[in-house]
Amino acid sequence: MTIDLKPEQQRLIDLAVQSGAYQNPGEVLDQAFEIIREQLDLQDWILEQRESIAAHVEKGFAQAERGELVDGDAAVGVLRRRRAERLNRLRKNPSNLSS
């Protein structure tokens, strides 16, 4: 297969190889395709979880209206902990994006 690249695309590939992070243009493209695959998987997950996400947002707005608010620093701490737990689960099982 032959693909014609725009000059900017070729320049980016060349820069990536010259940086030493990749050994050849194929590795650059492999990484780019992996990133695209991960984005598509995430979009699929978001679509699958749309109703659940909407319910959580609605619940949060209702709590805020009742004055049930959380300190910003505490909320950030909770989110960081949840993210770390999720990343640990993904490292153990990369195919499990639904966790």
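Bear in mind that the values in this text are calculations on the coordinates, not laboratory data. Fair warning: this is a prediction, and the values are worked out from it, not measured in the lab. Quick reminder, even Gly has a Cβ in these numbers, built from the backbone with ideal geometry, and neighbours come from all protein chains shown.
Some points to look at:
- For the condition farther than 19 Å from Arg86 by Cβ and either in contact with a Cys (Cβ under 7 Å, 6 or more places away or on another chain) or touching a residue at least 12 places away in the same chain (Cβ under 8 Å) (or both), Val17 does not qualify.
- Verdict on Ala21 being loosely packed, with under 12 Cβ neighbours inside 10 Å and either under 22 Å from Pro94 (Cα atoms) or more than 23 Å from the chain's Cα centre (by Cα) (or both): no
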